[in-house]
Every structure is written in structure tokens, then in C-alpha cells.
1. Considering only segment 114-143, how many residues are closer than 30 Å to Leu227 by Cα and either charged (D, E, K, R) or surrounded by fewer than 19 Cβ atoms within 10 Å (Cβ to Cβ) (or both)?
2. Does any residue in segment 221-246 that is hydroxyl-bearing (Ser, Thr, Tyr) come within less than 7 Å, Cβ to Cβ, of a residue that is outside any helix (DSSP H, G or I) six or more places away or on a different chain, and which pairs are these?
3. Check whether at least one residue in segment 14-33 is under 20 Å from Trp59 (Cβ atoms), under 16 Å from the mean Cα position of the chain (by Cα), surrounded by fewer than 19 Cβ atoms within 10 Å (Cβ to Cβ) and at pLDDT 95 or above, and report yes or no.
4. If a residue has to be more than 15 Å from Ser80 (Cα to Cα) and open to solvent by 60 Å² or more (accessible area, probe 1.4 Å) to count, how many in segment 147-156 make the cut?
5. Would segment 173-191 turn up any residue that is modelled with pLDDT of 95 or more, more than 22 Å from the chain's Cα centre (by Cα) and surrounded by 15 or more Cβ atoms within 10 Å (Cβ to Cβ)?
6. Quick check on Gln47: is it polar (S, T, N, Q) and surrounded by fewer than 16 Cβ atoms within 10 Å (Cβ to Cβ)?
7. When the residues of segment 85-104 are filtered to those that are within 28 Å of Asp144 (Cα to Cα) and of a type in the set (Val, Ile, Thr), which remaining residue is farthest from the chain's Cα centre (by Cα)?
Amino acid sequence: MPTLSVILITRNEEANLEDCLASLEGISQQIVVVDTNSSDRTLEIAQKYGATISQPSDWPGFGPQKNRALDLATEDWVLSLDADERLTPALRSEILTAIHHSAQVDCFAIPRLSWYCGRFIRHSGWSPDYVDRLFKRGTARFSDDLVHERLIPNSSVAKLENPMLHYSFRNFSQVLSKIDRYSSASAEQAYARGKRSNPYKAILHGLWAFIRTYFLKAGFLDGKHGLALAISNGEGSYYRYMKIWLLELEDQNEN
């Protein structure tokens, strides 16, 4: 009988982790949590669910941290989750069917339905949002990206039908916090890879992100939430390119 490890990386995820782990009921033989300096009840909750816990002292970025969790997985299959994601009963059943009847498939993409400040978003480039998350152990690794990491499978990917629920932004405080953190991490990554910017580029990229989300990706069909999301995407892109420019100025001043 195929078995399943679920891997997560955490940092102060008390508000999310209980519901995430509760949604795994009946499908996992192992839960792996790699934690970064949590100061809340994250580890207590993980222990309650019998998780294998690791707490490395450094933070290498999302991709390398997920590979650390993957290295601790011991079962036949691996499911990678974020703490703000949930499995539905229908998805749990589909996952069990997939790993028991998938002789020709090593990796599955799961559609994700994401929450933005009060409702699930069904347009705006957020749906359908397939993410490669379920795979046979030993057939895939995560990219080494600091942020926006991706799974790199060794073979073709099949798609599941039932979505996981992603409570990505419960309120605007989370929106602002994530925009700041992710724009900083992605700017550092882009700058290290040779990308350069200036305020004019930042404005253009921010404007384009808004237009792409609201018009080209039909964000207007998500109503007022779609408009707010398009503005958020524009802000995130603007700040990313501004931070790339500021990193360049810092290097110039040091030299």
C-alpha cells in the first residue's frame, strides 16, 4: 500500500497550522515540519499531530528550506503544503485514489482556490491555479529560489480535479505585510541575478501588473475584490523594482 509524507515549512503559523493539519486526517503516515524560529504555539500544534520537527538555525530561502523538509520525508509519496492551505474531503479522497492507482504518473498538480480579504477569487489570474505538489519521493526537488520556489519534477505531470483551499490573505494587514516581505525577497533574488531598475521602470511594471490582473486576467469579474487585488499586485511589482534600484544604490555608495 503506498504511503504519504506531508511536508511544511513554518514560521509563527499558529493562526493557520491547526486547520491545515486537521485537514490531513486519514491520508498521511508522516508529517514533516521544518520551522524557522517560531515564538508562538506553532511547534506545540505540530507536536500535537505527531509531526517530525526540524529547526535549522539559518534561513536559506523558501526553496532550500522546502528541500530540507523533503530530505526528512520517508514515505512513498510526498505532498507539499503551506500552512495557510487546506485539503477538502473531496481532495483527500482524490489524492488517495491517485497514489494508489498511478503506475504511470510520478507527479500531480493540484488546483488551488485562493482567498483574498473575504472571498475566494475565481479570476484575476488566480484561477485555475495549478501547483505541482504531490509526487513520488525521489522524483522531484524544489528550485533554490529565495521566494516563489517551484517543484522541478523529473517527468510529466498529471492534474487532479478537486481544489485545495488557500487562505492567502485574510485581511489587508496580511496583504501589506506579504507585499513588503515578498517584494524584498524577490528584489534580492532578482538583483543577485543581474536585474537592474530605476523609478521609471518601477512605475511601468506596477502599472502593467495592474492592467494584466484587472483587464487581461478578467479581475473585473471578481468585483471590488478584483479591483483591490489588481491594485495590490501593482503595488507589489512597483515595490519590487524600487527595491532592486535601492540595492543598486547601496552597492554604488559602498564602492
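1. Qualifying residue count for the region: 15.
2. Once the first residue is hydroxyl-bearing (Ser, Thr, Tyr) and sits in segment 221-246, its partners that are outside any helix (DSSP H, G or I) give Tyr241/Ser197.
3. For segment 14-33, residues under 20 Å from Trp59 (Cβ atoms), under 16 Å from the mean Cα position of the chain (by Cα), surrounded by fewer than 19 Cβ atoms within 10 Å (Cβ to Cβ) and at pLDDT 95 or above: absent.
4. Total meeting the criteria: 2.
5. Looking for residues that are modelled with pLDDT of 95 or more, more than 22 Å from the chain's Cα centre (by Cα) and surrounded by 15 or more Cβ atoms within 10 Å (Cβ to Cβ), one finds none in segment 173-191, hence no.
6. Yes; evaluated as a whole, the condition is true for this residue.
7. Only one residue tops the list, namely Ile99.
Okay, residues lined up against (1) within 18 Å of the chain's Cα centre (by Cα); (2) aliphatic (A, V, I, L, M); (3) surrounded by 15 or more Cβ atoms within 10 Å (Cβ to Cβ):
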position: His205; (1), (2), (3): no, no, yes
position: His225; (1), (2), (3): no, no, yes
position: Leu229; (1), (2), (3): yes, yes, yes
position: Leu249; (1), (2), (3): no, yes, no
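The values are calculated or read from the model by the stated rules, or taken from the named source; none is laboratory data. Every value quoted in this text rests on a predicted model; they were computed, and no experiment measured them. Note: ideal-geometry Cβ built from the backbone for every residue, glycine included; neighbour counts use all protein chains shown. Calculation scope for accessible area: heavy atoms of the full protein, side chains included, ligands and nucleic acids excluded. Shrake-Rupley method; radii C 1.70, N 1.55, O 1.52, S 1.80 Å.
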